[in-house]
Amino acid sequence: MFKRAKVLPYIDTIVICTDRFIDERLARRNGEIHTDLVAQCQRLLLNIIAFIAFDYDLEASSQPGIYDLRDAFNDFIRFANQFIVAGGIPLWIGKLILRINWKYQRALRTVKHYVMNMIAQEQTRQQQRISTNKPRNLISSLVAAVKEDSSTGEVSLSSNEVFDEVSLSILAGFETTSTALSWFFFYISKYPNIQQKIKSELAEHNLTPDKLLTPDILDSLIYIECVTKEVLRFSPIASVVLRQATCDDTIDGIEVKKGDTILLAIQNLHRDPRYWKVDPLQFVPDRFLHEDKCPPQCAFMPFGEGHRSCAGQDLAFLELKTVITRLMQRVTILDPGEEADNSGGLVQRITCFPKHLAVRIHLDQDKTMA
């Protein structure tokens, strides 16, 4: 569903959502300092994944100041992080805690409201559409799987299973990529020379804001590809991945038994000087043009590695590169200096996002957008 060939047709959708984000969130505050970009990036990517996977317009169903799907998922992530940090809590105690916690219950009700609306909307579409075409997106495939098999009378998925699949897909689809986009805003504000290189590359390809982005055009933007990779290398979305030892071993004098759970610190791999020729402690996108173009296997694994790597990594990378390209076609991002705290740091949850992020954003003046 989320392999590269399948997601390329969604470039136009990503651009439309990004333009709406620029017009409604950034242009109205042109030249101002934005201190809420983590939340804004979450809303943008949440809307993109809702359109791509579910043909659903979340922006149209959300109201300013009203507790919505983004707020609910953030609460879910907060609770998940607390359980991960605590560790060892019996399942029955965890269920009891969640049952009596009003914030968790509010989040659950909100998610059910939005997700069940998506499912109902797709069910209506399928009832009204007589077609032999294959399902167009994730939710159409899942809803179709609920229908009874005419020969056996069985259903492939229950309604609860569809709800779980849709909810998990939304959460995984927006939390990860929005975190990476937040870090892009931070680093691009700190390195104006890199931003200028991006804009020069766009100018070389005559990519004014009125030009459509296509798969071929995106593939030709090599430097933006390098910037996207460097954001994912320098500030990986997840801090660790878990793997299970398949045999007894000894690593650096430490005995590892078969079945032991091993935590791999991704940032340590991404910044290990044994694997990177250009100083890995520096933010240098150009490394992917030359010396570090082909890092050793597992030295660069922002989406994990092997058969358990992230199933949606092609979509996530396409989203990130497309949004970055569109932003750089239309805006300039600046560090506010002493006017606001743009010092970085990080908040570690399931993903690691910037703690102090504040940038000034100017809408580039281009007559072709008038």
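Any chance the range 55-73 includes a residue that's modelled with pLDDT of 75 or more, out of contact with any Leu (no Cβ under 8 Å at 6 or more places or on another chain), over 24 Å from R25 (Cβ atoms) and in a helix (DSSP H, G or I)? Checking the range 55-73: not a single residue is modelled with pLDDT of 75 or more, out of contact with any Leu (no Cβ under 8 Å at 6 or more places or on another chain), over 24 Å from R25 (Cβ atoms) and in a helix (DSSP H, G or I).
Here is a yes/no grid of residues against (1) at pLDDT below 95; (2) surrounded by 19 or more Cβ atoms within 10 Å (Cβ to Cβ); (3) not aliphatic (A, V, I, L, M):
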{"residue": "H270", "(1), (2), (3)": "no, yes, yes"}
{"residue": "R287", "(1), (2), (3)": "no, yes, yes"}
{"residue": "A299", "(1), (2), (3)": "yes, no, no"}
{"residue": "F303", "(1), (2), (3)": "yes, yes, yes"}
{"residue": "H307", "(1), (2), (3)": "yes, no, yes"}
{"residue": "A316", "(1), (2), (3)": "yes, yes, no"}
{"residue": "L334", "(1), (2), (3)": "no, no, no"}
{"residue": "L363", "(1), (2), (3)": "no, no, no"}
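When the criteria are applied in full, F184 meets the requirement of being buried (at least 16 other Cβ atoms within 10 Å of the Cβ) and at pLDDT 90 or above. Name the single residue that is surrounded by the fewest Cβ atoms within 10 Å (Cβ to Cβ) among those in the range 320-332 being among the aliphatic types (A, V, I, L, M) and farther than 18 Å from R43 by Cα. For the range 320-332, the residue satisfying everything is V331.
Out of curiosity, is A27 small (G, A, S), modelled with pLDDT under 95 and either closer than 23 Å to D216 by Cα or out of contact with any Phe, Trp or Tyr (no Cβ under 8 Å at 6 or more places or on another chain) (or both)?
Values: small (G, A, S): yes; modelled with pLDDT under 95: yes; either closer than 23 Å to D216 by Cα or out of contact with any Phe, Trp or Tyr (no Cβ under 8 Å at 6 or more places or on another chain) (or both): yes.
In short, yes.
Of the strands (runs of 3 or more DSSP E) entirely within the range 258-348, those holding at least 3 residues that are touching a residue at least 40 places away in the same chain (Cβ under 8 Å) and aliphatic (A, V, I, L, M) occupy 331-334.
If only residues of the range 230-257 that are β-branched (V, I, T) and touching a residue at least 60 places away in the same chain (Cβ under 8 Å) are counted, the one that is farthest from I194 (Cα to Cα) is V241. Please verify whether the range 187-209 includes one or more residues that are surrounded by fewer than 17 Cβ atoms within 10 Å (Cβ to Cβ), among the β-branched types (V, I, T) and within 20 Å of I48 (Cα to Cα). So far as the range 187-209 goes, no, none of its residues is surrounded by fewer than 17 Cβ atoms within 10 Å (Cβ to Cβ), among the β-branched types (V, I, T) and within 20 Å of I48 (Cα to Cα).
The values are calculated or read from the model by the stated rules, or taken from the named source; none is laboratory data. Every value quoted in this text rests on a predicted model; they were computed, and no experiment measured them. Positions of Cβ are generated from backbone atoms using ideal geometry, with glycine treated the same way; all protein chains shown enter the neighbour counts.
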